[in-house]
Every structure is written in structure tokens, then in C-alpha cells.
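A short write-up of the structure that comes next.
The values are calculated or read from the model by the stated rules, or taken from the named source; none is laboratory data. This is a predicted model, so every value here is computed, not measured. Glycine also receives a Cβ, built like all others from the backbone with ideal geometry; neighbour counts cover every protein chain displayed. All accessible areas refer to the heavy atoms of the entire protein, side chains included, with ligands and DNA or RNA removed. Shrake-Rupley method; radii C 1.70, N 1.55, O 1.52, S 1.80 Å.
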Amino acid sequence: MHIVSDIKTLRETRREWQTEKQAIAFVPTMGNLHEGHLRLVKEAKKHSSKVVVSIFVNPLQFGPDEDLDAYPRTMQQDKASLEALGVDLLFMPKVSDIYSRGLEQQTFVEVPGLSYMICGASRPGHFRGVATIVCKLFNMVQPNMAFFGEKDFQQLQVIKAMVTDLSMNLTIHGVPTERESDGLAMSSRNNFLNAEQRLIAPTLYTLISNMATEIKTGRRDFSVMIAENRDNLAALGFKTDYIDIRSASSLLQPSHEDKELVILGAGFLGKTRIIDNIQVEI
Ligand code: PAF
């Protein structure tokens, strides 16, 4: 596995692969890799001859009160996992190379609408930071395809919209959420949970799964369901951020015509924000 931190070497390698007509799949990450990330890499390998993974903890997508400094960094372990999976190139740029003119001067990519709702309403600027770094990484890696987890369902929709709006020449693949045996969606932030919070955490998935069952068996009073389950989430011990039922394609309130829905939930256990979602076809 090539380990590259400068953009020039990345581009040289990319150019060599291009002359060999190799398809390139890309998995952007912020490191602290778990089975969810490794599944993205495995999917990427199925689709292409060369796989590039990036590890970059992107300061632009963290709010001032969020966990940028505390974000877990496990570089040696991450390298070993990626090497074992046969990744071709690991790109680990420095903040000063990525944002060379400084964060204040940085040009942004912003996907309006989609970026301001649901998670975006609680985390102003977050999806602008995500879209900007993903756009920059796409420009550097120039992949034919890129892989993102469905756990961050809204992020996946924001990136798909950006690719369409900016006519980017690559395919975006969403990969189903990897879960612990008790249903908790894998996330680097799960490391922050204490023993008591870890027991509560999977109940968010139980709650949205129950909502999915109710919808599949005909329940349609969505606003009542949302209100009830906000309270249920609080009763389980979360500080509720949101519970919502949206159209899976637009993330808008579902209309009668929408057949593919997504139930999204987020809540805090202490300072740790747990998010999850489940797609439902009706
Ligand atoms: O999902 C993540 O880990 C990050 O938001 C991403 C896509 C790597 C951008 O920093």
C-alpha cells in the first residue's frame, strides 16, 4: 500500500493508473476505522482495480463546540486494517496542504436546501464543510466512483446532489449500515460512550425499527408518530435532537405519492450524538 501525504505524489500515481486504464474507487474517511468503513473498502474493491482511501479529520465540518480535538485518531491500527484489505493507496494530507489559504479564505461548496434541514438544522455549516472537502478530495483523487455509508444518509444525499449539480464525472455508491450485534450503528463516536450510555445507545435503532414496522403495517399519521417517538426517545434516556419521517429521495416531508421513505433519528447521550436511519418502502 502506498502511503501518500502530498497532493503532487497522489496526482502522479493517479496519472500512472490512468495510462494503464485502471478504474479507481475512492473511500473518503476521517480515520478511526471500524467494520463500517472496512465494508466500504470491500465494496470498492468489488467494483474497481485500484482503491484509494483517505484519512483526513476535516476541521471545516466541525462546529465550534464540537469534538474536533477529541475526535479519535488511531493511525497505526487504521493503516494495518487497510493494508490487510489490499488498499492500493492511503492518502493522509495535512490540514495546511488542504486549506493552504487558511480556513477563513476557503472557497466553499454548498448544497442549499438539503444541507439546512434535519442534521443540518442542528449543525449549521456542517454539510458545507462536508461538501467542500469531498469536492476537493474528488478533484485530487479523480476517482471513477466513490463509496459512502448509508448511516450518514443525509450526507450521502448531499454528496449525490453536489455531484449532479456540479456535473462531476463519477458514480456515488451508498453502502448499508454495519451494526453491532445489539443493533447499534457502527460509528467512531461510539468510543465516547460510557458503559451505561452504551446500553442505551442501541435503543434508537429499536425505536426507528418499530416505527418502520408501524408504517409497513399501514400507520400514516406521521406527525403524531414523530411527536410520540420524540418523547419515547427522551424516555429512553436520550436528549432528543430529532425524529423524522422523510421522502428517501428528496428528504422533504413525504407526499402521498412517495413510496420510499426514510425514518431518521438523532439524540445525545451525554455529549455524544448518536444518529441512525432506516429506509421503508410502502
Ligand atoms: O463521513 C465521514 O467520515 C466524513 O464526513 C467524510 C465524508 C470523510 C468527509 O470528511
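Measure off, as a whole percent, the carbon and sulfur share of the 1.4 Å-probe accessible area of the stretch 1-96, all protein chains present.
For the stretch 1-96, the apolar C and S fraction of the accessible surface comes to 50 percent.
What do you get for the angle between helix 126-141 and the principal long axis of the chain? Use alpha-carbon atoms, 0 to 90 degrees, nearest ten.
Around 30 degrees separate the two axes.
Where in the chain is the longest stretch that carries no GluC sites (Glu not before Pro) classed as loop by DSSP and with at most 10 other Cβ atoms within 10 Å?
Longest run free of exposed loop sites: 21-256.
Quick check: Cα centre of the stretch 67-81 to Cα centre of the stretch 190-219, how many Å?
After rounding, the separation between the Cα centres reads 26 Å.
Please give the Cα centre distance for the stretch 132-170 versus the stretch 100-120, rounded to the nearest Å.
Using only Cα atoms to place each centre, the spacing works out to 14 Å.
Work out how far the C-alpha atoms of the stretch 91-241 reach from end to end along every principal axis, then list the three figures in whole Å, largest first.
For the stretch 91-241, the Cα spread along each principal axis is 47, 36, 29 Å.
Within the stretch 157-264, report the trypsin sites (Lys or Arg not before Pro) that DSSP leaves as loop and that have at most 16 other Cβ atoms within 10 Å.
Within the stretch 157-264, the qualifying trypsin sites (Lys or Arg not before Pro) (loop, at most 16 other Cβ atoms within 10 Å) are R219, R220, K259.
Tell me the net charge near E180. Cut-off is 15 Å between Cβ atoms, E180 excluded, with +1 for each Lys or Arg and -1 for each Asp or Glu.
Value of the local net charge: +1.
Roughly how far apart, in whole Å, are the Cα centres of the stretch 1-18 and the stretch 232-280?
If you average the Cα positions of each part, the centres end up 39 Å apart.
Would you mind classifying the stretch 1-108 by shape? Square roots of the alpha carbon gyration tensor eigenvalues, ordered a ≥ b ≥ c; an a/c under 1.5 is rounded, otherwise it is prolate if a/b is larger than b/c and oblate if not.
Judged from the Cα gyration tensor, the stretch 1-108 comes out oblate (a/c at least 1.5, b/c at or above a/b).
Once both axes come from the Cα atoms, what is the angle between helix 222-236 and the longest principal axis of the chain, in degrees from 0 to 90, rounded to 10?
The two axes meet at around 80 degrees.
Which pairs in the list K45/K271; K21/K79; K151/K239; K8/K50 are over 28 Å apart, alpha-carbon to alpha-carbon?
From the list (K45/K271; K21/K79; K151/K239; K8/K50), the Cα-Cα distance tops 28 Å for K45/K271.
Over the chain, what relative contact order in percent results from Cα pairs under 8 Å that are six or more residues apart?
17 percent
Can you give the helix-only mean residue ellipticity at 222 nm for the chain, where every DSSP H stretch with n ≥ 4 adds -39500 (n - 2.57) and the sum goes over all residues, rounded to the nearest 500 deg cm²/dmol?
Dividing the helical sum by the residues of the chain leaves -11500 deg cm²/dmol.
Helix 153-165 versus the longest principal axis of the chain: what is the Cα-based angle in degrees, 0 to 90, to the nearest 10?
50 degrees
Which net charge results for the neighbourhood of N169, defined as the other residues with beta-carbon distances under 15 angstrom from its beta-carbon, given Lys and Arg at +1 and Asp and Glu at -1?
After counting each charged neighbour, the total is +1.
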